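As C-alpha cells, the structure follows; a few thoughts come after it.
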Amino acid sequence: MGKALQRWLDAHQLPAITAAVLGVITTLSVLIVAAFFLVGKPN
C-alpha cells in the first residue's frame with residue numbers, strides 16, 4: 001500500500017494532491033451544510 005501510494009505521488013506530484021485536498025474540503029463542506037439544513041429544518 002505504502003509503496004503504491006509513494007509511486008502515485010511521485011508520478012502525479014502537486015496538482016493531484018491539491019485536487020484531492022480541495023475535493024475532500026468541498027465534500028466535507030457540502031455534507032456539513034446539508035446536515036445543518038436537515039437538523040434546523042422545521043418539521
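The values are calculated or read from the model by the stated rules, or taken from the named source; none is laboratory data. Given the structure is predicted, the values throughout are model-derived calculations rather than measurements. Because the Cβ atoms are built from the backbone with ideal geometry, glycine has one as well, and the counts that use them run over all protein chains shown.
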For this session: Tally the residues that are surrounded by 10 or more Cβ atoms within 10 Å (Cβ to Cβ) and aromatic (Phe, Trp, Tyr), restricting the search to region 1-41.
Result: 2
For this session: Identify the residue in region 17-43 that is among the aliphatic types (A, V, I, L, M) and closer than 30 Å to ARG7 by Cα and, among all such residues, is modelled with the lowest pLDDT.
Result: ILE17
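Do we find that LEU9 is under 20 Å from the mean Cα position of the chain (by Cα), at pLDDT below 90 and part of a helix (DSSP H, G or I) in this structure?
Criteria met by LEU9.
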